[in-house]
1. Heavy atoms of the protein only, probe of 1.4 Å, neighbouring chains included. What is the accessible area of residue 99 in Å², nearest 10?
2. Taking the simple approach of a point 7 Å from Cα along Cα-to-Cβ for both residue 197 and residue 132, what is their distance in nm?
3. Tell me the label-point distance for the pair residue 33, residue 111, using the 7 Å Cα-to-Cβ offset, in nm and rounded to one decimal.
4. With a 1.4 Å probe and all protein chains left in place, how much of the accessible area of the range 80-178 comes from carbon and sulfur atoms, in whole percent?
5. Under a 5 Å amide H to amide H cut-off, with H placed in plane at 1.01 Å, what residues pair with residue 52 once short-range neighbours are removed?
6. Please work out the FRET efficiency for the pair residue 125 and residue 40, using the Cβ-Cβ distance as r and a Förster radius of 45 Å; give the result to the nearest 0.05.
7. Averaged per residue, what accessible area in Å² does the range 16-100 show with a 1.4 Å probe, protein chains only?
8. Can you tell me what the convex hull of the Cα atoms of the range 17-176 projects to on average, as an area in nm²?
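The values are calculated or read from the model by the stated rules, or taken from the named source; none is laboratory data. Just so we're clear, the structure is a prediction, and the values are computed from it rather than from any experiment. Here the Cβ is made from the backbone with ideal geometry for all residues, glycine too, and neighbour counts use every protein chain on show. Only protein heavy atoms, including side chains, enter the accessible area calculation; ligands, DNA and RNA are left aside. Shrake-Rupley method; radii C 1.70, N 1.55, O 1.52, S 1.80 Å.
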Amino acid sequence: DSVVVKMIPDNRLPPRHLHAVRTDKTFAVIKWESPYDSPDQDMLYAVAVKDLVRKTDKIYKVKSRNSTVEYTIKKLEPGGKYHVIVQLGNMSKESSMKINTVPLSAPDALKIITENDHILLFWKSLALKESNFNESRGYEIHMFDSLMNITAYLGNTTENFFKVSNLKMGHNYSFSVQARCLYGGQMCGEPATLLYDELGTGKDPSATKLGQATDVAAIVVPVLFLLLVTLGIGFVVLYMRHRRLQSSFTAFANSHYSSRLGSAIFSSGDDLGDEDDEAPMITGFSDDVPMVIA
């Protein structure tokens, strides 16, 4: 024998299995199940959203007959913290959960430019990729000194650059730039971090390995070019001297060539001046000797 028993619904039970399906920067999708299976009428839920940062509350009403209910909470803030409470409209037992929205992205293309006595941090505007970011909110900059193990807050700016001075030689620093935090250091953006560890070495700290290889090539290539030019000039000078010597030797050889003997004749120098010794010495003319011109 069997009997069918229908349980009386208990509207004092809390919603079941409350959880977040998706969280984004400005909204969150939550989901829960009704206090009992297969409700036979519309059920009114109260969804209370408490902003843990701003200390504000909002209440939304949701009506559904489904056993599983999905609801999207809108108008949230990036990087916010919220406490969500879901219960039936008759203020029955509640189910609660905490959700954190996605913070703003980190600024892109953070780089360092070294000056004589300071450095400059540069980055792209966050408004280029974040529609929820206003430049008037600004950015805040932090610095970590690994040698001293100290993190310092350097300040904030609404520009896309920041000047950092009074850095100590031999210290390694890490700089981070993020969307300015709101309400007591909360609701911050994701930080973009860059290591500065070339202080005092004469190198550009913002250069990557590719940049360093480019700097080396910029020095080596001109030096090699100058060496090649110098070698080329040296070869030209040697070639011109060789041609000149060859031409001089050829002219000298041709002046001593005997066509009758078919060879060049060069004097040894022993017989030089023999004929001159046999010739009479020519003396000057006397004034009393008449000169006869034929």
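1. About 10 Å², ignoring ligands and nucleic acids.
2. 3.4
3. Going by the 7 Å Cα→Cβ label model, 5.6 nm.
4. 50
5. Under 5 Å from the amide H of residue 52 lie the amide H atoms of 81, 82, 83, each far enough along the sequence or on another chain.
6. 0.20
7. 57
8. So the Cα hull casts an average projection of 12.5 nm².
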